[in-house]
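The values are calculated or read from the model by the stated rules, or taken from the named source; none is laboratory data. Computed from a predicted structure; not experimentally measured. For neighbour counting, all protein chains shown are included, and Cβ atoms are generated from backbone atoms with ideal geometry for every residue, glycine included. Just so you know, the surface numbers come from the protein's heavy atoms only, side chains and all, with ligands and any DNA or RNA stripped out. Shrake-Rupley method; radii C 1.70, N 1.55, O 1.52, S 1.80 Å.
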Amino acid sequence: MDLSTTYLGMKLPHPLIPGASPLADELDDVKRLEDAGAPMIVLRSLFEEQLAHEQLSAHSGIDAHENAFAEALSYFPASEGFRFGPESYIEHLVRLKRAVGIPVVASINGTTAGGWVEYARLLAGAGADALELNLFLVPTDPEESALDIEDRLLAVVRAVRSHVPIPLAVKLSPFYTSFPHFARRIESEGADALVLFNRFYEPDIDIRNQQVVRALTLSSSTELLPRLHALAIVSGRTRLGLCVTGGVHSGLDALKAVMCGADAVQMVSALLKEGPKHIATVREQMATVLEANEYDSLAQVKGSMSLTRCPDPKAYERVNYMRILQNWRG
Ligand SMILES: Cc1cc2nc3c(=O)[nH]c(=O)nc-3n(C[C@H](O)[C@H](O)[C@H](O)COP(=O)(O)O)c2cc1C
């Protein structure tokens, strides 16, 4: 079965990519993923706070506003708390590029345009085949409007784009007032792809100990549905490549994402739980289902369930909400 696809300008034998996470922290693990068939790998993110911290440190000798500088340093988390500092991240990238044959995507995470975006150029120079920019933002300021936030994030995309000649994917959160419009604005800034969607790790409440509890739970397939919806409504209406992240655990999950328009499918939780061999399992599941439905290639089903092509586009629109609620019979 031909499962090949093209993502970020690169032809891949199949769409199943290990997403940004600790999966690529160790050279041996990346080799294992490559041996298990991973066609590309995404590194965990460097954070704006780390990069800004590094830059502030570099300029501390010439900063006239020493108090402001000290305050800024205390605000940014110290580099030691991160798995990789900016320098060791680049070293890791260079080592990986020498050791494996698959494309390596670097990742940065930021929400304000600042000097830190120059690191994007360093990542490209160190051999990254593409860059994933994670625009993870938690709106908590009542003074900042949706438009303010979108403008700010677009300024980041613009700044990063101006620093890197390599393909640029933008990873988004699910909560935008008009996601298709924002997607169009990202496209007009020159990005190459969208990665939909990052997960929020909302804290829980521990009533007995009166604490806010931070926890990272791995995903399940139920988280795929809002991603399918978003893919379906932009697929065929954008030049951006589309990649799903969040809730892909099986071949059926991956196929659904492709049918809604995904060019590529990232997996993290499933690979953390099942190990690298799960790539082959999901790949086989995809091939088996396609074969059973008499397809020759994945390309034949790509986008077939998008809003513009599926037999029931209303399922993606407001009318679906009314129908679903009115027809519920228990
Ligand atoms: C332990 C862990 C670390 C992660 N680190 C990053 C990161 O550094 N950058 C990023 O963009 N996403 C990161 N993610 C999010 C994943 O890339 C992915 O978007 C998310 O887990 C949803 O996909 P899944 O359902 O396949 O797990 C991380 C996820 C996990 C579980």
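Give, in whole angstrom and from largest to smallest, the semi-axes √(5λ) of the equivalent ellipsoid of the range 118-234, with λ running over the eigenvalues of the Cα gyration tensor.
They are 28, 18, 17 Å, listed largest first.
The range 227-330: which GluC sites (Glu not before Pro) are DSSP loop and have at most 15 other beta-carbon atoms within 10 angstrom?
Passing both the DSSP loop test and the Cβ count: Glu294, Glu317.
When only Cα pairs under 8 Å and 6 or more residues apart are kept, what is the percent relative contact order across the range 80-200?
With pairs under 8 Å counted, the relative contact order is 25 percent.
With every atom except the alpha carbons ignored, what do you get for Rg and Dmax of the range 185-303, in angstroms?
Every Cα atom of the range 185-303 included, Rg and Dmax give 16.8, 57 Å.
From the protein chains alone at 1.4 Å, what is the descending order of accessible area for Thr6, Thr111, largest first?
Output order, biggest surface exposure first: Thr6, Thr111.
Efficiency by 1/(1 + (r/R0)^6): what FRET value for Asn327 and Gln211, r their Cβ-Cβ distance, R0 = 56 Å, to the nearest 0.05?
Working from the Cβ atoms, E equals 0.85.
Grab the Cα-Cα distance for Ser4 and Lys314, subtract it from 0.36 nm times how many residues apart they are, and report the gain in nm with one decimal.
108.6 nm
What accessible surface, in Å², does a 1.4 Å probe find on Ser235, ignoring ligands, DNA and RNA and rounding to the nearest 10?
10
Say the cut-off is 21 Å between C-alpha atoms; which of Lys97/Lys171; Lys31/Lys277; Lys31/Lys171; Lys31/Lys97; Lys256/Lys314; Lys11/Lys302 go over it?
Pairs exceeding 21 Å: Lys97/Lys171; Lys31/Lys171.
With all protein chains present, calculate the accessible area of Lys97 using a 1.4 Å probe and round the result to the nearest 10 Å².
Per-residue accessible area (Lys97): approximately 60 Å².
Per-residue ellipticity at 222 nm for the chain, helices alone: DSSP H runs ≥ 4 residues times -39500 (n - 2.57), over residue total, nearest 500 deg cm²/dmol?
After summing the helix terms and dividing by residue count, I get -12000 deg cm²/dmol.
Determine the per residue accessible area of the chain with all protein chains present and a 1.4 angstrom probe, expressed in square angstrom.
Heavy-atom SASA per residue in the chain reads 50 Å².
If you line up the long axis of helix 179-188 against the longest principal axis of the chain, both from Cα atoms, how many degrees apart are they, to the nearest 10?
Long axis of 179-188 versus the principal axis of the chain: about 60 degrees.
When the accessible area of the range 174-218 is computed with all protein chains present and a 1.4 Å probe, what percentage of it is carbon and sulfur?
Here it works out to 51 percent.
Quickly work out the Glu26-to-Glu274 label distance, labels modelled 7 Å from Cα along the C-beta direction, and quote it in nm with one decimal.
So the two model labels end up 2.1 nm from each other.
Between 0 and 90 degrees, rounded to the nearest ten: what's the tilt of helix 278-292 against the longest Cα principal axis of the chain?
Once rounded, one gets 30 degrees.
How long are the semi-axes of the equivalent ellipsoid of the range 157-209, defined as square roots of 5 times the Cα gyration tensor eigenvalues? Whole Å, largest first.
31, 14, 8
Once fully extended, how much extra length lies between Arg239 and Arg158, figured as 0.36 nm per residue of separation less the alpha-carbon to alpha-carbon distance?
Here the segment from Arg239 to Arg158 would lengthen by 27.5 nm.
Cα axis of helix 86-99 to longest principal axis of the chain: angle in degrees, 0 to 90, nearest 10?
Helix 86-99 sits at roughly 50 degrees to that axis.
If amide hydrogens are placed 1.01 Å from N in the peptide plane, which non-local residues have theirs closer than 5 Å to the one on Gly19?
Distant-sequence amide H within range of Gly19: Met267, Val268.
At 1.4 Å probe size, put Ile166, Ile207, Ile324 in order of accessible surface, largest to smallest.
Sorted descending by solvent-accessible area, the residues read Ile207, Ile324, Ile166.
Calculate, for Ser220 and Thr281, the FRET efficiency according to 1/(1 + (r/R0)^6) with r their C-beta to C-beta distance and R0 25 Å; round to the nearest 0.05.
The value I calculate is 0.90.
Restricting attention to the range 170-251, which chymotrypsin sites (Phe, Trp or Tyr not before Pro) occupy a DSSP loop and are surrounded by at most 14 other Cβ atoms within 10 Å?
For chymotrypsin sites (Phe, Trp or Tyr not before Pro) across the range 170-251 that sit outside H, G, I, E and B with at most 14 neighbouring Cβ atoms in 10 Å, the list reads Phe175, Phe200, Tyr201.
Peptides 140-153, 8-21: what's the order by average Cβ count within 10 Å, highest mean first?
Listed from highest to lowest mean packing, they are 8-21, 140-153.
Can you give the direction-averaged projected area of the convex hull of the alpha-carbon atoms in the chain, in nm²?
20.5
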